[in-house]
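In what follows, a structure is listed as structure tokens, so that the remarks can point back to it.
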Amino acid sequence: MFWRRNRAVAVPLQSEEAEALERSVEKTRESVFGRVSQLFRRPVLDESTWDELTQLLMESDIGPSRAFRLVEHAREMVEGETLKTPVEAETALRRQLVESLGAAEPMLLEDQPGRLAVHMVGVNGSGKTTTSAKLSAYLRHRGRSTLLAAADTFRAAAIDQLQVWGERTGTDVIAGQQGSDLGAVVFDAVHAARMRGLDTVIIDTAGRLHTKTNLMDELSKLRRVATKADPDVTQVALLVLDATTGQNALMQAKRFLEAVQVDGIILTKLDGTAKGGVVFAVFEELNLPIWYVGSGEKLTDLAPFDHLAFVNALFR
Ligand code: GDP
């Protein structure tokens, strides 16, 4: 179990976090939710409004059944006069979207106590290496001390890439040679963090999904190795998913979840798609919290996933 941020005592998103979240939904807002807002500027909501609303929500990749459900609910409330004006109807739709994302309190690495070993899992190209670097910069900025582990030892390029990011973020990188044992790299990194008194090791794992058993064995071995290197370490597995692949990302995630235990999602490249509605589908279908979203290729392009701020940014 991980700690959720307590909203009653939590500070709102810092301005750079809010800006990153804004950047991540710019395309989706322009193409879909901005137009949804315009529909609710009409004096009267009629049949064609509901059709257009359904169409727009579907375009956002929110998933057809969810789109129909949301529209039906809003429509019933308007026709039953529970909602008296288009503005009230828009507010109700926004509230429903927020609620469909589950518990309102964000789940964040910086709120977890003790030493952490964060396993970044996901297929190649999803953004694991870049996100590992972004996370390191993000956490250091928030007072945590980090170490990066280049555990994608199948690809020399991935090791080099992480080392470059390490230099840019001022983070030490523990890496083996290409082809060396993944377990040894993870052991060295977690052990080094413990010895140096660093609190977070971010492990960029291999993205190969050759066979389920293979992947499962590999990742559970890495967990065992991390515990051996530091019996007190808390392990977190975050699945990195590319939002631009839409429904494909969901299928991919389901295959991963059959094989490995995952605690949460990082949805990358949300800035690169107009189909940001996929966030709702990801949450509902995988039943896992989204911890962070990626909003670009720069180090600062990572935002905590705050439901309320996310939905507000979609409609701004
Ligand atoms: P890996 O194979 O999973 O380690 O993926 P990489 O970290 O190498 O990323 C693959 C590509 O996606 C790179 O070109 C990254 O710059 C890009 N990328 C990663 N995250 C984001 C993001 O949030 N937004 C955008 N636009 N591109 C991203």
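The values are calculated or read from the model by the stated rules, or taken from the named source; none is laboratory data. Just so it is clear, the structure is predicted and the values come from calculations on it, not from any experiment. FYI the Cβ positions are ideal-geometry reconstructions off the backbone, even for glycines, and counts take in every protein chain you see. For accessibility, only protein heavy atoms count, side chains too; no ligands or nucleic acids. Shrake-Rupley method; radii C 1.70, N 1.55, O 1.52, S 1.80 Å.
General observations
- Whole-number accessible area per residue in Å² for segment 109-262, which is evaluated in the context of all protein chains at 1.4 Å: 40
- Proximal aspartates and glutamates to Lys84, defined as alpha-carbon separation beneath 17 angstrom and excluding residues fewer than eight positions away on the same chain: Asp46, Glu47, Glu72, Glu76
- For the chain, the relative contact order works out to 28 percent when only alpha carbon pairs closer than 8 Å and six or more residues apart are counted.
- Fully extending the segment from Asn248 to Glu284 would add 11.4 nm, taking 0.36 nm per residue of separation and subtracting the current Cα-Cα distance.
- Rounded to 0.05, the FRET efficiency of the Glu167 and Asp111 pair, given R0 = 35 Å and the Cβ-Cβ distance, is 0.80.
- Point-to-point label distance, Leu257-Ala156, nm (Cα→Cβ direction, 7 Å offset): 3.9
- Neighbour-limited loop hits for trypsin sites (Lys or Arg not before Pro), segment 5-85 (at most 10 other Cβ within 10 Å; DSSP other than H, G, I, E, B): Arg41, Lys84
- For segment 109-262, the share of accessible area belonging to carbon and sulfur comes to 49 percent (1.4 Å probe, ligands and nucleic acids excluded).
- Among the listed pairs Lys134/Lys254; Lys221/Lys298; Lys128/Lys275; Lys221/Lys269; Lys134/Lys221, those with a Cα-Cα distance over 28 Å are Lys221/Lys298; Lys221/Lys269.
- Helices in the chain, meaning DSSP H runs of at least 4 residues, each add -39500 (n - 2.57). Divided by all residues, the mean residue ellipticity at 222 nm is -15500 deg cm²/dmol.
- Calculated FRET efficiency for the pair His141/Arg224, C-beta based, R₀ 41 Å, to 0.05: 0.85
- Expressed to the nearest 5 percent, the antiparallel share of DSSP beta bridges inside the chain is 10 percent.
- Contour minus Cα-Cα distance for Gln178 and Ser31 (0.36 nm per residue): 48.6 nm
- For segment 35-112 versus segment 188-248, the gap between their alpha-carbon centres in whole angstrom: 37
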